[in-house]
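Below: the structure, in structure tokens.
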Amino acid sequence: MPPLARRNLFHDKIRLAVTLTGITFAVVLVVVELGLFLGFTTTTSGLIDHSQADLWVASRHIPYIEQGALFSERKLYQVRATPGVASAEKYIARFANWKRPDGGHESVQVVGFNTDQTMGGPWNIVSGSVADLKTPDAILVDDLYWKKLGITHLGQVFEMNGYRARVVGTTHGIRSFTTSPYIFTTFKNAQNYTNLREDQTQFILVRSQPGVSLQQLQSNLESRVHDVDILTTAQFSSMTRFYWMFTTGAGVAVLLAALLGLVVGIVVVTQTIYATTMDHLREYGTLKAIGAPNSYVYRVILQQAGMSAVLGYALGITVSLFVVHGAQQGGASILLPWPMAVLIFGLTLLMCTIAAAVSINKVTQLDPAMVFKG
Amino acid sequence: MEVAVRVRGVTKTYAERAARVTALEGVDLDLHKGELLFLMGPSGSGKTTLLSIMGCILRATSGSLQVAGQEITGLSERELPRVRLSHIGFVFQAFNLFPTLTAVENVEVALELKGIRGALARRQALSLLEQVHLDDKASAFPADLSGGQKQRVALARALAGNPEILLADEPTAALDSHTGRSVLELMRQLAHDHNRAVAVVTHDSRIADLGDRVVRIEDGTISSVRNLRQPEPALVHSIPLSHSDLQTTTARPL
């Protein structure tokens with residue numbers, strides 16, 4: 001096919017630059033906003049998703065993990081006695097006060113778990129180990145928050161709620177959605193750091209026996225353990241994400257910003273493709289006059305839109321990779337998994353196709369007799 | 001000669017708000033294969049309107065139109081492009097070439113519309129450019145061509161797919177007289193040598209002698225038709241007359 005679409009697109013280099021800038025801006029904005037949304041939602045439920053538990057026992061009507069109320073640890077034994085339960089452990093995720101070496105204070109979220117098993121523990125450990133937490137006053141902190149908490153080296157000792165806390169290891173990439181970093185420690189230490197009585201717990205993590213239906217186990221627990229909510233990990237994760245993303249409006253704001261990026265992209269590309277179409281209107285009229293069906297003319301316009309989409313996306317995703325990488329060095333969590341990159345390519349194509357619709361409408365109404373006007 | 005386009009009782013009226021303008025009224029015309037027909041007349045007389053109707057670009061308000069034996073009047077708007085594509089080639093006053101395509105690519109577009117692609121399209125396009133004596137300019141862009149050369153490319157494009165009808169609207173208006181004449185000579189050759197029906201709208205009376213017929217249109221109607229190729233009445237050779245002959249009172253047979 002004679003390269004009419006490509007030649008027309010590249011004929012006006014300045015207009016092409018404007019088109020590509022618009023698409024690049026839209027792609028970057030959508031990537032950042034959707035990436036933030038994904039990062040936020042992943043972060044809000046990070047503790048739940050990495051707990052390696054099948055079920056969570058929490059206080060009644062808990063809306064999200066940070067709002068878990070305390071209940072008696074006796075429920076742990078009721079849980080363990082329920083048929084289908086392979087193991088159950090107490091778990092805490094509560095806020096505490098961290099004192100920095102310079103005298104300042106920071107809010108932290110203490111995560112206490114049974115270090116003799118795997119449920120509820122940290123992940124992505126880069127120095128130290130879970131076994132090191134068995135030593136007195138031991139804690140693990142993510143390296144992202146060292147500067148914020150005034151940590152300079154392993155072995156450093158701090159004060160939390162009047163108790164000693166000694167940094168024995170670090171993780172990497174465990175972000176807290178709130179501004180309070182996670183501090184992993186034993187359940188006993190966590191009780192001290194968060195002023196819990198010895199007979200209290202905030203959650204109970206449950207692992208089912210192999211082959212046991214989760215729904216059945218959930219039902220069994222609900223019938224045996226009262227005044228608590230029994231939630232699967234998936235349910236609790238989704239509730240927590242929904243609360244932070246939509247009930248608070250944070251997620252809606254981010255999604256609206258992504259939508260805005262798409263709208264801006266559509267407007268810019270519509271304008272430039274339309275201007276290009278108007279510049280070449282006589283050619284389209286000639287095509288129609290010599291017998292081209294409307295579909296041929298549409299194909300030329302859509303090819304221009306498609307080429308713009310591919311080039312703009314390539315530029316946009318390249319810029320986005322730098323932005324995502326830079327954000328991850330900082331405090332923001334912007335995720336760009338490959339399915340999302342593919343989705344955004346589809347959105348870019350859609351955006352440019354919609355933008356071409358105005359031009360297509362114009363040439364549809366074009367009277368081929370216009371070619372006879374000199 | 002076989003009729004390629006038959007126009008009967010064609011009227012074209014434009015209605016815009018309260019005003020009605022009749023561009024053509026009751027026009028009858030046949031365009032034959034193998035002939036070069038000129039449509040002449042003053043500006044606004046309806047020449048281009050008639051050409052547009054013959055080319056199935058405009059629809060007549062009333063009357064009938066046959067193209068290549070096919071009745072066009074009842075066809076829908078969607079079917080008209082197919083008729084144009086199958087039977088008619090167009091040449092425009094402003095050339096209407098695609099400026100971002102080379103000469104050969106301009107012709108290839110027309111071939112592609114007729115389903116001819118790839119290497120075959122390239123060969124045919126080059127052959128058509130050769131026909132119009134422009135094969136050495138195949139890779140040139142329109143901006144690099146003279147007016148006459150552009151019109152030749154346009155002609156080659158119009159010939160893509162070997163249509164039996166060629167319609168040209170003021171093809172020499174943007175050309176100097178010498179170049180314009182050479183373009184029309186080419187069109188005459190296309191008509192005579194390839195049995196094509198060629199109709200040309202022009203207001204240049206200097207090139208009228210190139211045509212086979214000149215149809216004059218004024219105020220939307222055909223005012224005269226002059227057949228330039230019918231044999232002239234036999235010339236009267238000089239006959240020596242005697243004085244007595246001059247005195248003859250009755251007409252003598254020639």
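The values are calculated or read from the model by the stated rules, or taken from the named source; none is laboratory data. Quick caveat, the model's predicted, so the values are computed rather than measured. Please note: Cβ atoms are built from the backbone with ideal geometry, for glycine as well, and neighbour counts cover all protein chains shown.
Return yes or no: is A:Ala53 over 30 Å from B:Leu111 (Cα atoms), assigned to a loop (DSSP other than H, G, I, E, B) and more than 14 Å from chain B (Cβ to nearest Cβ)? The answer is yes for A:Ala53. Only one of these is among the β-branched types (Val, Ile, Thr), facing chain A (nearest Cβ under 8 Å) and under 19 Å from A:Tyr284 (Cβ atoms): B:Val91, B:Val109. Name it. Exactly one of B:Val91, B:Val109 is among the β-branched types (Val, Ile, Thr), facing chain A (nearest Cβ under 8 Å) and under 19 Å from A:Tyr284 (Cβ atoms), namely B:Val109. Among the numbered conditions (1) facing chain A (nearest Cβ under 8 Å); (2) surrounded by fewer than 20 Cβ atoms within 10 Å (Cβ to Cβ); (3) among the hydrophobic types (A, V, I, L, M, F, W, C), the only one that B:Leu126 does not meet is (1). Apart from one condition, B:Asp30 fits all of (1) away from chain A (no Cβ under 12 Å); (2) within 20 Å of B:Val183 (Cβ to Cβ); (3) of a type in the set (D, E, K, R); the exception is (2).
Within region A:280-297, if we keep just the residues that are surrounded by fewer than 17 Cβ atoms within 10 Å (Cβ to Cβ) and in a helix (DSSP H, G or I), the residue that is nearest to the other protein chains (Cβ to nearest Cβ) turns out to be A:Asn294. For B:Val183, the conditions (1) touching a Pro at 6+ places or on another chain (Cβ under 8 Å); (2) closer than 26 Å to B:Thr49 by Cβ; (3) within 14 Å of chain A (Cβ to nearest Cβ) are fulfilled apart from (3).
Tallying residues that are surrounded by fewer than 22 Cβ atoms within 10 Å (Cβ to Cβ) and more than 9 Å from chain B (Cβ to nearest Cβ) within region A:7-19 yields 7. The combined condition, being among the β-branched types (Val, Ile, Thr) and within 23 Å of A:Ile14 (Cβ to Cβ), is not fulfilled by A:Ile334. Count of region A:58-80 residues, restricted to those that are more than 11 Å from A:Ile204 (Cβ to Cβ) and more than 27 Å from the chain's Cα centre (by Cα), is 2.
For region A:43-58, a residue qualifies if it is within 19 Å of A:Ala88 (Cβ to Cβ) and either in contact with an Asp or Glu (Cβ under 8 Å, 6 or more places away or on another chain) or buried (at least 21 other Cβ atoms within 10 Å of the Cβ) (or both), and the qualifying residues are A:Leu47, A:Ile48, A:Ser51, A:Ala53, A:Asp54, A:Leu55, A:Trp56, A:Val57, A:Ala58. The set of residues from region B:38-61 being within 10 Å of chain A (Cβ to nearest Cβ), touching a Leu at 6+ places or on another chain (Cβ under 7 Å) and assigned to a loop (DSSP other than H, G, I, E, B) comprises B:Gly55, B:Cys56. For the residues A:Asp116, A:Asp102, the requirement of being out of contact with any Ser or Thr (no Cβ under 6 Å at 6 or more places or on another chain), closer than 30 Å to A:Pro210 by Cβ and surrounded by fewer than 14 Cβ atoms within 10 Å (Cβ to Cβ) singles out A:Asp116. With the requirement that a residue be hydrophobic (A, V, I, L, M, F, W, C), assigned to a loop (DSSP other than H, G, I, E, B) and either within 13 Å of another protein chain (Cβ to nearest Cβ) or more than 18 Å from the chain's Cα centre (by Cα) (or both), what does region B:129-167 give you? Scanning region B:129-167 gives B:Leu134, B:Ala138, B:Ala140, B:Phe141, B:Leu145, B:Leu159, B:Ala160. Scanning region B:62-87 for residues that are in a strand (DSSP E or B) and surrounded by fewer than 16 Cβ atoms within 10 Å (Cβ to Cβ) gives B:Ser62, B:Ser64, B:Gln70, B:Glu71.
Screening B:Thr13 against (1) farther than 24 Å from B:Leu190 by Cβ; (2) in a loop (DSSP other than H, G, I, E, B); (3) of a type outside the set (Gly, Ala, Ser); (4) touching a strand residue (DSSP E or B) at 6+ places or on another chain (Cβ under 8 Å) leaves a single unmet condition, (2).
Screening A:Gly22 against (1) assigned to a helix (DSSP H, G or I); (2) buried (at least 21 other Cβ atoms within 10 Å of the Cβ); (3) modelled with pLDDT of 90 or more leaves a single unmet condition, (3).
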